[in-house]
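Below is one structure; the comments refer to it alone.
We did not get these values from a lab; they are worked out from the coordinates using the rules stated. Remember, it's a predicted structure, so these values are computed and weren't measured experimentally. Backbone-built Cβ (ideal geometry, glycine too); neighbour counts: all protein chains shown.
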Amino acid sequence: MDAQQELSGWRKWMESIGDYVLFFSRFFRNIFAGGFEWSEFVRQCYEIGYRSMMLVGITSFIMGMVLILQLRPSLISLGAESMLPKTLSVALVREIGPVITAIICAGKIASSIGAELGSMKVTEQIDAMEVSGANPVQYLVVTRILATSFMIPLLAIIGDAIGLLGGFLALNLTDSISFSLYFNKCIASLDFTDLLPAVVKTVLFGFAVGFVGCYKGYHSNKGTESVGIAANSAVVTASLWIFIIDAIAVQITSLLFYK
């Protein structure tokens, strides 16, 4: 009995992988289909980017302050207090900023997309679009995935800048450093090999958030209960994929740039 259950579990897992591949192929084909929905793409960029900016900004500001307050005692004990701006900027840009922004967007955006498409699936609006001759994948899926892939990197860049500002204010609570000197140290500590992997990584994070949210909502079951399941599953799965992508990206970056 246990062997049969295990075999059934593996079969379901393989079927889910096949569904992901088929859904990705439908998305990829519809990117290049005629009649791209520019108005819906712009609306999704507004919903995903502008409406998430406040949450990302507040979180990044607090994160910058907390990192300075936590790093300061350790660096003082090592006689390296002057390294605080450099340490904060490298930590934010390379790792903490992109990951924190992506996790916030996974909780806010992936759940929203999953619930929205799930409710459309339950109320048969997607079926009605197909019957009327419209292309629901191009209108609902392609625009959302491209919008998340485009806006989450921008949110991460804005979050990094706000996090550095929070670090500046936290540093001036105990020490005195000018605004120009602080940001000159932060910018001078960054290299192209810090910026490029971070941007590429956030693009992949954005794609994962949009793709998982669309997949979970588009494949939700009938019934109102499935809408909540789709939203919750989208958050969990997107967060997991963010950490997997981050682990792979760090390994590749370490081999290429940080030997």
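Taking a straight Cα-Cα cut-off under 27 Å and skipping sequence neighbours fewer than 8 places away in the same chain, the lysines within cross-link reach of Lys222 are Lys12, Lys108, Lys121.
Rounded to the nearest whole Hz, the Karplus-based 3J(HN,Hα) values (6.51 cos²θ - 1.76 cosθ + 1.60, θ = phi - 60°) of region 34-46 follow the sequence x, x, 4, 7, 5, 5, 5, 4, 5, 5, 5, 4, 5, with x at glycine and proline. Each peptide in 137-149, 74-86 receives the mean, over its residues, of other Cβ atoms within 10 Å, and ordering these scores from highest gives 137-149, 74-86. Between Ser176 and Asp191, the modelled label-to-label distance comes to 3.5 nm, taking each label 7 Å out from Cα in the direction of the beta carbon.
Working from label points 7 Å from Cα in the Cα-to-Cβ sense, the Ser16 to Ser74 distance is 3.6 nm.
FRET efficiency for the pair Phe257 and Met83, taken as 1/(1 + (r/R0)^6) with r the Cβ-Cβ distance and R0 = 25 Å, rounds to 0.75. Each residue of region 122-129 was assigned a 3J(HN,Hα) from its phi angle through the Karplus curve 6.51 cos²θ - 1.76 cosθ + 1.60 (θ = phi - 60°); the sequence is 5, 7, 6, 6, 5, 4, 5, 5 Hz, with glycine and proline shown as x. Residue separation of Ala128 and Phe32 scaled by 0.36 nm, minus their Cα-Cα distance, works out to 32.2 nm of gained length.
A straight Cα-to-Cα reach below 30 Å connects Lys185 with the lysines Lys86, Lys201, Lys259, residues fewer than 8 places away in its own chain not being considered. Dipole magnitude for the chain: computed about the Cα centre from +1 point charges on Lys and Arg Cβ and -1 point charges on Asp and Glu Cβ, it is near 280 debye.
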